[in-house]
Amino acid sequence: MIQPIGDRVLVEQLEKAIAASSLVFTGDSEDALRIPKGKVLVIGTGKNVKKAGIVVGDLVLFTEYAGERTTEESEKSKLLLLNLSDILAIENE
């Protein structure tokens with residue numbers, strides 16, 4: 001498994017979540033409100049990422065073009081290395 005360094009996290013990108021579910025959408029406007037979401041697999045060694053309260057297993061929302069895409073041969077999913085500043089929120093279940 002990849003071990004992030006500093007204030008970075010490794011996430012598995014999931015389906016995009018709709019940011020505003022109570023709005024009425026027409027045509028393709030729904031796609032404009034989708035925010036990427038991912039499950040935290042590994043957290044880095046930085047102090048700030050620990051202070052932020054992010055732990056393995058959290059679902060996080062992040063900016064659309066955030067992170068560096070990476071793959072592992074044993075993984076079939078989309079993996080991203082995100083900087084802490086790219087994370088917008090932690091989703092409560």
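Since every read-out is calculated from the coordinates, none of them should be taken as a lab result. None of these values were measured; they are calculated from a predicted model. Glycine also receives a Cβ, built like all others from the backbone with ideal geometry; neighbour counts cover every protein chain displayed.
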Spatially proximal lysines relative to LYS78 (Cα-Cα < 25 Å; intrachain offsets below 8 disregarded): LYS16, LYS37, LYS39, LYS50
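Just to verify a number: FRET efficiency for ARG69 and GLU91, C-beta to C-beta distance, R0 = 22 Å, to 0.05?
On the way: r = 21 Å, r/R0 = 0.97.
Step by step, r from the Cβ atoms, then E = 0.55.
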